[in-house]
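The values are calculated or read from the model by the stated rules, or taken from the named source; none is laboratory data. These figures come from a predicted structure and were not determined experimentally. Positions of Cβ are generated from backbone atoms using ideal geometry, with glycine treated the same way; all protein chains shown enter the neighbour counts.
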Amino acid sequence: MADNHDDHDEVTSPSNEVATVDDHAANAPATAVVRTDRVPNPGFPPERPRVADLDPKKEKQAERTISALFLLSVVGSVLAVVAYFAFPIDEANPGSVRLNNLFLGLGITLALLGVGIGAVHWSKALMHSHEEVELRHPTRGSDEARTKAVEVFSQANKESGFTRRSLVRNTLIGAVAATPIPAVVMFRDLAPQGDPVALLKQTMWDEGVRLCRDPSGTPIRAADVTIGSAFHVIPEGLAELEYHRIEEKAKAVVLLMRLPLEDLNEDPEKADWSYDGIVAYSKICTHVGCPVALYEQLTHHLLCPCHQSQFDVANHAEVIFGPAARPLPQLPITVDDEGFLVAKSDFLDPVGPSFWEINR
Ligand code: FES
């Protein structure tokens, strides 16, 4: 390298003579790249001892403060759990959601801040405060480096007092252990409380409940269902539900179709589940729960658009193609005195995805 010039400072001329930046600047000052001043490495500032380094009383005080923060975190975790049960969400009272969220949030905030601030304060007030340079090195250290690492850990343990300061250590362990408790309690509450099969069989359908158009809720007469037609159906009363309307609809939606009697191939045991060629099947795919809404009139096939499962309406909605593992549940139907289509009972099979079969 030329004196005081690095590679970026040199420009090769067409005659292969090396020109310096200064030469170039002299010829075209407006376009020359001028080397910036190098900033000298300022190094580390001199280490200043902290009060906790000089005064054993202050050190003890810092230790107590840190422990108090960790204990505060435990209190926050407990508060979150208590708040979750003490302020339950009442769907009829929107103010209950606010209270529940407020106290739950306060508890979790306290729990996380207690651990976080306590750990930072521990490192700032009690742990060693030397600034150090860590050089980059290959990922796998040499045996010597690994031995050194063990030494560093031992030294860090010695300097932080992790094993020696049992009060700080144990309160930290307690705080960290208590922090996930609110999450465990809340996620546990998301799981179904009972047997999923029983829950999925229990819908709004019952003996005498009229089949109504979705979404208007008007009842359907058997005479309205012509051969080849298909109706999207909800149970009577669903449109008026104040709460859980979506959840109930997700389980109870039905597709209604009329087939020529000679095309229906019914199991004798289920022959009275249809009415004069009219059949009703759950609209929720038994694969992963998409709405099965495509009806092919000529073949009497129902197609689920999500993963192309096909069900044969003429044969109790058996699966004839695709990943669905079982037929669509059939809703037994008849007509009432006024000629309206009504359910004879609830579904006899669980509706929707068959995830529960894994455990059987
Ligand atoms: S959800 Fe219907 S085929 Fe997958």
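Which one of these is of a type in the set (D, E, K, R), outside any loop (DSSP other than H, G, I, E, B) and exposed (fewer than 10 other Cβ atoms within 10 Å of the Cβ): 144, 132? Let's see the steps before the verdict.
Numbers: 132 fails: outside any loop (DSSP other than H, G, I, E, B).
Every option except 144 fails the conditions.
Is it true that residue 123 is surrounded by 11 or more Cβ atoms within 10 Å (Cβ to Cβ) and in contact with a Pro (Cβ under 9 Å, 6 or more places away or on another chain)? Walk me through how you get there before you give the answer.
Values: surrounded by 11 or more Cβ atoms within 10 Å (Cβ to Cβ): yes; in contact with a Pro (Cβ under 9 Å, 6 or more places away or on another chain): no.
No; evaluated as a whole, the condition is false for this residue.
Looking only at residues in the range 42-81 that are among the polar types (S, T, N, Q) and either closer than 26 Å to residue 108 by Cβ or not assigned by TED's automatic domain parsing to the domain that holds residue 166 (or both), which one is nearest to the chain's Cα centre (by Cα)? So that I can check it myself, show each step before the final result.
Initially, the range 42-81 is screened for residues among the polar types (S, T, N, Q), giving 61, 65, 67, 73, 77.
Going one step further and asking which of them are either closer than 26 Å to residue 108 by Cβ or not assigned by TED's automatic domain parsing to the domain that holds residue 166 (or both), we end up with 65, 67, 73, 77.
Values: 65: 36, 67: 33, 73: 25, 77: 21 Å.
Ranking the qualifying residues of the range 42-81, first place goes to 77.
Taking the criterion of being assigned by TED's automatic domain parsing to the domain that holds residue 202, within 21 Å of residue 346 (Cβ to Cβ) and surrounded by 14 or more Cβ atoms within 10 Å (Cβ to Cβ), would at least one residue in the range 293-301 satisfy it?
As a first pass, look at the range 293-301 and keep what is assigned by TED's automatic domain parsing to the domain that holds residue 202: 293-301.
The next check asks that each one be within 21 Å of residue 346 (Cβ to Cβ); those that pass are none.
There is no residue in the range 293-301 that is assigned by TED's automatic domain parsing to the domain that holds residue 202, within 21 Å of residue 346 (Cβ to Cβ) and surrounded by 14 or more Cβ atoms within 10 Å (Cβ to Cβ).
When you go through 241, 255, 211, 259 one by one, which is the residue that is more than 20 Å from residue 292 (Cα to Cα), surrounded by 13 or more Cβ atoms within 10 Å (Cβ to Cβ) and assigned by TED's automatic domain parsing to the domain that holds residue 294?
241
So that you can scan it fast, the table gives a plain yes or no per residue for (1) away from the ligand (no atom under 14 Å from the Cβ); (2) assigned to a loop (DSSP other than H, G, I, E, B); (3) touching a strand residue (DSSP E or B) at 6+ places or on another chain (Cβ under 9 Å); (4) among the polar types (S, T, N, Q):
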| site | (1), (2), (3), (4) |
| --- | --- |
| 270 | yes, no, yes, no |
| 280 | yes, no, yes, no |
| 295 | yes, no, yes, no |
| 299 | yes, yes, yes, yes |
| 308 | no, yes, yes, yes |
| 323 | no, yes, no, no |
| 338 | yes, yes, yes, no |
| 342 | yes, no, yes, no |
| 347 | yes, yes, yes, no |
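Just to be sure before I move on: is residue 99 assigned to a helix (DSSP H, G or I), more than 28 Å from residue 162 (Cα to Cα) and either in contact with a Cys (Cβ under 9 Å, 6 or more places away or on another chain) or at pLDDT 85 or above (or both) in the structure I sent?
Numbers: assigned to a helix (DSSP H, G or I): yes; more than 28 Å from residue 162 (Cα to Cα): yes; either in contact with a Cys (Cβ under 9 Å, 6 or more places away or on another chain) or at pLDDT 85 or above (or both): yes.
Yes, satisfied.
Every residue, every condition in (1) in a loop (DSSP other than H, G, I, E, B); (2) more than 16 Å from the ligand (Cβ to nearest atom); (3) more than 26 Å from residue 326 (Cα to Cα), yes or no:
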position: 205; (1), (2), (3): yes, yes, no
position: 208; (1), (2), (3): yes, yes, yes
position: 232; (1), (2), (3): no, yes, no
position: 238; (1), (2), (3): yes, yes, yes
position: 286; (1), (2), (3): yes, no, no
position: 289; (1), (2), (3): yes, no, no
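Checking residue 313 against (1) touching a residue at least 40 places away in the same chain (Cβ under 8 Å); (2) more than 17 Å from residue 350 (Cα to Cα); (3) surrounded by fewer than 21 Cβ atoms within 10 Å (Cβ to Cβ), which single condition isn't satisfied?
Failing condition for residue 313: (3).
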